[in-house]
Amino acid sequence: MIKPANPVLQVSFHSIVAVAIPKNYHWRIAGFYFFYFAFVGMFSPYWGLYLHSIGFNAMQIAILMSVHPVMRMISPALWSWLADHTGKRLLVVQVAALCSAASYAGVFITTGFTGLLLVMVLMSFFWSASMPLVEATTLTYLGKHTARYGRIRSWGSVGFIVAVLGLGYAFDFIAIAWILWVGLVIKLGILLFARQIPPTEVMAHHTDTQPIRRLVLQPHVLALFGACFLMALAHGPYYTFYSIYLVEHGYMKSAVGWLWALGVICEIAVFFAMPWLMRHFTLTQILIASFACAVLRFLLIGWAVNMMPWLLFAQILHAATFGAFHAVSMALVHQFFRGRHQSRGQALFGSITYGAGGMIGGLLSGPLWQHWGASVMYLFSSVSALLGMFLILWKLRGVASQVHPPDPAV
């Protein structure tokens, strides 16, 4: 007769296994990133083409495409305050995802400028709420392994590629108006995975008693925010007019999709290489290289659009101008804002940089495109990136060069 196992020993064994091998929730966060950036892959390259197809001029397109950066400037601070005030970060993400999907449905009932402006304001207000909170959740979930952030975030890049390539081929054969249904499906995917994100515990930090204003006003934090604002400003014309620019120079929509996808494929490669890069270079060195690549990239886009090898090289540089830039920026923000300030730090960073910078860059791209042409518009982008690089060299190098992720191991 076999003697039953000791239940005390069984409990102890399972407890040890549970501690040694924690549940892996990477797929839940990765799924949210996938659908969130699939929507970006639909919106950034093709929404401008949809607006163009229903008769809007360059100024109207610039205004409508700038709605999201405007909301990205306003919305995250409000939602992150609500998340910190209630202590229910994930519930805020879920409510925002639901309201974003519901408000997006308005695109089916209006094609007028005022109506679409209202729909995009509401949709972007809710859509912009979730990402800073999810970024903070991801970095908290990873703990000391923040160098691995890029591997989870890379699923967002995969979602972007699936959307941008699939739609690029599709729109060579079907009407651009089908983009409305694609957007709805993606919004429902975002809502589904918003309910799957695992809860995380915010660890106490000695800065918890300080007002967040004191942290923001530190010179190195202001320098980081200022430089990243200029990088987002530089990308404003790219996200607003790049697809229209290529189509007007004779590129097929499938080729436009591949050019967008090439940049994001290279971005994924950099995300996976970040642990190695962070072991061999300081965060400041990576950031400076990213800005230098942006200077070159926008010059090539503006002045070599008819030379495919140079245009391909410009898209390869997206690995640095977004991939490495974003991963390092997230690492620095995570270092500068800890404890209960984590969500609001991420929100302020997104509002000031991607929000305000993207908004101003998008709005300026309209008159630049209309009155001086694309070459001057992308020269403006190049100069903005150059100013951002100088700001890092001037104010951030001495501080950030000492900051490394706690655990860069693969």
Close pairs (6 angstrom Cβ cut-off, 6 or more residues apart or separate chains): outside any helix (DSSP H, G or I) in the range 291-319, buried (at least 16 other Cβ atoms within 10 Å of the Cβ) anywhere: LEU317/CYS293; LEU317/ARG297
Condition broken by GLN342, with the remaining ones in (1) at pLDDT 85 or above; (2) closer than 21 Å to GLU135 by Cβ satisfied: (1)
Pair list, Cβ < 7 Å and 6+ apart or interchain, from the range 366-381 residues that are surrounded by fewer than 18 Cβ atoms within 10 Å (Cβ to Cβ) to residues that are of a type in the set (Phe, Trp, Tyr) and part of a helix (DSSP H, G or I): SER375/TRP303
Condition met for LEU317 (out of contact with any strand residue (DSSP E or B) (no Cβ under 7 Å at 6 or more places or on another chain), within 17 Å of CYS266 (Cβ to Cβ), among the aliphatic types (A, V, I, L, M) and surrounded by fewer than 19 Cβ atoms within 10 Å (Cβ to Cβ)): no
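Within the range 123-140, can one find any residue that is acidic (Asp, Glu) and outside any helix (DSSP H, G or I)?
Kept after step one, since they are acidic (Asp, Glu), are these residues of the range 123-140: 135.
Filter once more, keeping what is outside any helix (DSSP H, G or I): none.
Scanning the range 123-140 turns up no residue that is acidic (Asp, Glu) and outside any helix (DSSP H, G or I).
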Near pairs, Cβ below 6 angstrom, 6+ apart or cross-chain, from the range 235-259 (crowded, with 19+ Cβ neighbours inside 10 Å) to any residue that is among the charged types (D, E, K, R): LYS253/ASP172
Tally of residues being outside any helix (DSSP H, G or I) and surrounded by fewer than 18 Cβ atoms within 10 Å (Cβ to Cβ) across the range 53-100: 5
Failed item, numbered, when MET278 is tested on (1) modelled with pLDDT under 90; (2) surrounded by fewer than 17 Cβ atoms within 10 Å (Cβ to Cβ): (2)
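Can we say TYR50 is in a helix (DSSP H, G or I), under 20 Å from the mean Cα position of the chain (by Cα), on the phi < 0 side of the Ramachandran plot and crowded, with 19+ Cβ neighbours inside 10 Å? It would help to see each step written out before you state the result.
Details: in a helix (DSSP H, G or I): yes; under 20 Å from the mean Cα position of the chain (by Cα): no; on the phi < 0 side of the Ramachandran plot: yes; crowded, with 19+ Cβ neighbours inside 10 Å: yes.
Criteria not met by TYR50.
The values are calculated or read from the model by the stated rules, or taken from the named source; none is laboratory data. Keep in mind the model is a prediction, meaning the values are calculated, not measured. Please note: Cβ atoms are built from the backbone with ideal geometry, for glycine as well, and neighbour counts cover all protein chains shown.
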